[in-house]
Amino acid sequence: MKLHIKLILYNLFVKAAIITILTILIIIVLDRISLSHLKNRILDKREKLVRNLSSEEIADLLEAEKTFTDYNILKEEYIILTKTAPMTFKAGHVGKFSVGQREIEGSKGDYLIFTSQLRYGADYYRLEIGETMAAVKQLKSTFLFFSFLTLIFMALLTLITDYAFTSYLLAPFYRIIEQKIDKVNEPLHFNHESIPTTTTDFQHLDKSINALMNKLKQQFLTQKQFTSNVSHELLTPVSVIKSRLENILSNENISEAAETKVMASLKTLNRMKSIINSLLLISKVENNQYEKNEHILLPTLLADVMEDLEDRITLKEIQFINTLQHNFSFHGNKTLIHTLFINIINNAIKYNKQNGSITVSDEISDDYYNISITDEGAGMSPYLIEKAFNRFEKLNSTDNESNGLGLAIVKSIAAFHNISVAINSEINKGTTVEISIAITHASCSF
């Protein structure tokens, strides 16, 4: 999950929690205020009743007891007056509040009830005054409803504002990642221009990446220069030794045992020369010493590759299946692209089974031209796939002819042309090498 999404969710949860807590607190306070207001109303009503009490009113209230209540049309309050025995009268008793359910003309409801004692003349009475709790409940329900609407509104507002703000805040960070990490294939192509930002942390990150890439660039250049120099220097003594060994072979007096040793030495020298030439090729490609402005028609180039490898295909009795549907072309270095396909198809032949097949297919997908080369060989394990493009990494450890640089050359040539190469393989099910070339109006055509 991206950082700005986490920040948005965090802010959303925090605000939701704060609003929920505040709502609960307000409801508690509102409930107490409402109850206090109702109690004051009841006490005021009792005071007025007692102040204006007369024999006629007492008679009316006692008569009303038969119907249980004296209430208004909305049934919001009632008064009950009942006569009690003198012995139940408690001097100094103020009264008490309680919440109970009462039924008025078949309609039940919850009421806040104040029960007190009353003495009028020589008689003693029990006075009960009740106020409905429906208003309090209605107020709480209304408040909960509007609190819920407020919560929804705040959540939506939070999502929108936080998304906009975090996107603005983290924009420099994503530009740093995109321009200085994701789009950098090698240190030589690194852009050292600072990303504009007012956030100190991002400025520090930008400077740290620039410093790190400067170190990597120097090490990278040193390594490539060393590889190039060593390869050049090795070619001369190898050629000299090869010439001398060939001169020895031309001597008619050489023994058979000596001839065998000389032939083995020549084979080793040829392998060494192949490794040196491969390293030189990789070094030149990585140093951008090749032009890539030639028009390459892929079907024609693949036909040339198959012609070069025809003898090997025939020797292993492999069926070559060409199912290309698109006459795709692009600009690049024809020699290097030829070498790329030579190495890939050569591996498909080398590690294929006898009487197997090689299928070449293509498709257009998401602005990419994809070409696949599939064999019916022994396949590769995930471990080998991960290391396949490493230098001197052999796909088959028992293959003495391989120097482990074929796919390393493929990787360098592909990177030079901004081409992606991927390997999909399963043990005993064969291997597919997928090559993807971006389609642009400037460099590609059909």
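The values are calculated or read from the model by the stated rules, or taken from the named source; none is laboratory data. Since the structure is predicted, the reported quantities are computational estimates derived from the model, not experimental observations. Cβ: placed from backbone, ideal geometry, glycine included. Neighbour counts: every protein chain shown. Heavy atoms of the whole protein, side chains included, go into the accessibility calculation; ligands, DNA and RNA do not. Shrake-Rupley method; radii C 1.70, N 1.55, O 1.52, S 1.80 Å.
So, R0 is 35 Å and r is the distance between the beta-carbons of Arg244 and Gln218; what FRET efficiency does that work out to, to 0.05?
0.30
Angle between the Cα long axis of helix 3-51 and the longest principal axis of the chain, 0 to 90 degrees, nearest 10?
0 degrees
Separation between the Phe165 and Asn277 pseudo-spin-labels, each 7 Å from Cα along Cα→Cβ, expressed in nm?
6.6 nm
Can you give the FRET efficiency for Ala211 and Ile181, using 1/(1 + (r/R0)^6), R0 = 25 Å, r = Cβ-Cβ distance, to the nearest 0.05?
E between Ala211 and Ile181, to the nearest 0.05, is 0.95.
Which cross-chain or sequence-distant (5 or more) residues have an amide H under 5 Å from the amide H of Gly356, H modelled 1.01 Å from N in plane?
Here Gln319 satisfy the definition.
Compute the acute angle (0 to 90°) between the alpha-carbon long axis of helix 334-350 and the principal axis of greatest extent of the alpha-carbon atoms of the chain; round to the nearest 10°.
Long axis of 334-350 versus the principal axis of the chain: about 90 degrees.
Label points 7 Å out from Cα along the Cβ direction at Phe145 and Ser381: separation in nm?
6.9 nm
Give me the percent relative contact order of the range 311-390, please, defined on Cα pairs under 8 angstrom at least 6 residues apart.
In percent, rounded to a whole number, it is 33.
Using a 1.4 Å probe on the protein heavy atoms, what percent of the accessible area of the chain belongs to carbon and sulfur?
56 percent
Taking R0 as 60 Å, what's the FRET efficiency between Glu291 and Phe153 from their Cβ-Cβ distance, rounded to 0.05?
It comes to 0.45.
May I ask for log10 I(q)/I(0) of the range 268-365 at q = 0.22 Å⁻¹, from a Debye sum over the Cα atoms as equal point scatterers with solvent left out?
Ignoring solvent entirely, the Cα scatterers give -1.21.
What accessible area per residue, rounded to a whole number of Å², is obtained for the chain using a probe radius of 1.4 Å?
Result: 61 Å² of accessible area for each residue.
With springs only between Cα atoms under 10 Å apart, run a GNM on the chain and tell me which of Gly121, Gly100, Gly406 wobbles the most.
So, out of Gly121, Gly100, Gly406, the one fluctuating most is Gly121.
Give me Rg/Rg_expected for the range 326-430, where Rg uses Cα atoms only and Rg_expected = 2.2 N^0.38 Å with N residues.
1.09
Expressed as an acute angle from 0 to 90° and rounded to the nearest 10, what is the orientation of the C-alpha long axis of helix 200-249 relative to the principal long axis of the chain?
The two axes meet at around 20 degrees.
Rank Asp44, Asp375 by accessible area, highest first, at a 1.4 Å probe radius?
Asp44, Asp375
Considering the chain as a Gaussian network with a 10 Å cut-off on Cα pairs, which listed residue, Ser283, Ser54, Ser420, attains the greatest mean-square fluctuation?
Ser54
Can you list the equivalent-ellipsoid semi-axes of the range 99-153, largest first and in whole Å, using the square root of 5 times each Cα gyration tensor eigenvalue?
38, 13, 6
Would you mind calculating the gained length between Leu30 and Thr335 on full extension (0.36 nm times residue separation, minus the Cα-Cα distance), in nm to one decimal?
Additional length available on full extension: 101.4 nm.
Looking at the calculated P(r) for the range 210-351, what percent of the C-alpha pair distances fall above 24 Å?
That fraction is 57 percent.
Summing Lys, Arg as +1 and Asp, Glu as -1, what charge do residues with Cβ under 12 Å from the Cβ of Ala438 carry, Ala438 excluded?
-2
Given the alpha-carbon gyration tensor of the range 211-290, what are the semi-axes of its equivalent ellipsoid in whole angstrom, ordered largest first, with each equal to the square root of 5 times an eigenvalue?
In descending order, the three semi-axes are 38, 10, 9 Å.
Quick check: residue separation of Phe97 and Ile364 times 0.36 nm, minus the Cα distance between them. What number comes out in nm?
Result: 87.9 nm gained on full extension.
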